[in-house]
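Report on the structure given below.
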Amino acid sequence: MASSCRALVLIGACTLLLLLLASAALARDNPPGKVKCNNPKYKECHNLEHVCPKFCPGGYCEVDCRSCKPVCSCDTPGAVCQDPRFIGGDGMTFYFHGKKDREFCLVTDSNLHINAHFIGKRNPEMKRDFTWVQSIGVLFDNHQIFVGALKTVTWDDAVDRFFLSVDGEHIFLQTREGSKWESSMIPNASITRSRDTNKVIVEVEGNFRIEAKVVPITEEESRVHGYGITDEDCMAHLELSFKFFSLSDNVNGVLGQTYAQGYVSRAKMGVDMPVLGGEKEFAASSLFTPDCSVARFVGSSSFLEPIYVDLASLRCASGMDGRGVLCKR
C-alpha cells in the first residue's frame, strides 16, 4: 500500500511539473500586452515600454505619461468601452445602452460635437439591445472627422479594420506604428497609428484627443454575457478614450455632461451596473447632424453639408500596396 501511495504522489508531482512547464511555455508564446508613452513632451517616459496589468480587460492598456505607469484603457476618465461603459470626467462609471442602428450625442459644446453610431444585438429575454459604438462623427469649426470599425466576419488583429475620413476624404495610413496623416487645410490636426493595426490617435491640438481601437466580441465574451454573436458578424466596434482641452461649463451629451460645472450624476450609483437614461434627450438624426435636444454646437458659419458613410455598403479587402484596406461602394 505504501509503495502504491508513493507512486501516486510521484505521478501527481510529475503531472504538476508538466502543467507548470506548459504554463510557462504558454506565457512565453502569449506575452502580456506591451505599450509605450507616445507623447514626446514627457521625455523621461517617452518610448519606454511597459507591460499591461494582468487584470486589464482583454490585456489592453495605455501609459499615463505623467506618472509613467500603465493603466487599463477602459478605466480612465473619458473612456467609452464594452456595452457601452462610460467613465465620466468626474471619474464615475456608468452605462448608456441606447438602441442599435441609432445615433446618439456623446459630447456637444460650442465648437465640438461628437455623435456615435450604435450597433447591437437584441436579447429576447431583455427589454433592451446589447449595444456597442461602431463609429463616431466629430464636428469642429467647419470640419468633420469620421472614425469607424468595418463590419467583420472573422477577426484577425493583423488586418486593419478602420475606416477614416476627414471632410469626406478617405484617409489611408500605412499599417505601421507611427504612420501619420497631417492636414494642410486644418491647423494642428493629425491621425496617427499607435499600433501597426486597429489603433489610432485622432487629435486637434487645443481642442481634443481621441484614442480609438477596433476590437471584436470574442466567443468567450459572447458566452459569458449571452450576446448571441454568430459566425456572420463578430460585431467589430470601437473602444475610445477622450481627452478635451477647451470645453465650456455648458458642455452636454452622454459623456460631455460629466465635464460640466456642477454636474451631478443621474445614474443610480451603488449597483453593479449604474445605467444612465435619456435616449430621447441624446438621440440624433444622423452621425454628422448636431440636432439632439441638448445640442450646443455652433461651429463655423461655413459649416459643411453632412456626410453620410454607410459602412455596411463597403466591400473591403487587404490592400496590395501596404496602405491597409481598400474599399469600394
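The values are calculated or read from the model by the stated rules, or taken from the named source; none is laboratory data. If you're wondering where the values come from, they're calculated on a predicted model, not measured in any experiment. Don't worry about glycine lacking a Cβ; one is built from the backbone with ideal geometry, like all the others, and counts go over all protein chains shown. Note: accessible area is taken over every heavy atom of the protein model, side chains too, but ligands, DNA and RNA are not part of it. Shrake-Rupley method; radii C 1.70, N 1.55, O 1.52, S 1.80 Å.
Worth a mention:
Table: residues versus (1) open to solvent by less than 20 Å² (accessible area, probe 1.4 Å); (2) touching a Gly at 6+ places or on another chain (Cβ under 7 Å).
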position: 239; (1), (2): no, no
position: 258; (1), (2): yes, yes
position: 276; (1), (2): yes, no
position: 279; (1), (2): no, yes
position: 284; (1), (2): yes, no
position: 290; (1), (2): no, no
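- Subset of the range 99-113 that is under 18 Å from the mean Cα position of the chain (by Cα) and open to solvent by less than 10 Å² (accessible area, probe 1.4 Å) - its residue that is farthest from residue 259 (Cα to Cα): 104
- Filter result (within 25 Å of residue 34 (Cβ to Cβ), in contact (Cβ under 8 Å) with a residue 40 or more places away in the chain, outside any strand (DSSP E or B) and touching a strand residue (DSSP E or B) at 6+ places or on another chain (Cβ under 7 Å)) within the range 177-203: 194, 198
- In the range 273-298, the residues that are under 17 Å from residue 136 (Cβ atoms) and among the acidic types (Asp, Glu) form Cβ pairs under 8 Å with partners that are surrounded by 20 or more Cβ atoms within 10 Å (Cβ to Cβ) and modelled with pLDDT of 85 or more, at six or more places apart or across chains, as follows: 291/284.
- Selection from the range 290-308 of residues that are at pLDDT below 95 and among the polar types (S, T, N, Q): 300, 301, 302
- Residue 271 being β-branched (Val, Ile, Thr) and surrounded by fewer than 11 Cβ atoms within 10 Å (Cβ to Cβ): yes
- Residue list for the range 156-169, restricted to those being open to solvent by 50 Å² or more (accessible area, probe 1.4 Å) and part of a strand (DSSP E or B): 169
- Condition met for residue 153 (in a loop (DSSP other than H, G, I, E, B) and on the phi < 0 side of the Ramachandran plot): yes
- Among residues of the range 140-175, those that are among the charged types (D, E, K, R), more than 20 Å from residue 240 (Cα to Cα) and touching a strand residue (DSSP E or B) at 6+ places or on another chain (Cβ under 7 Å), counted: 1
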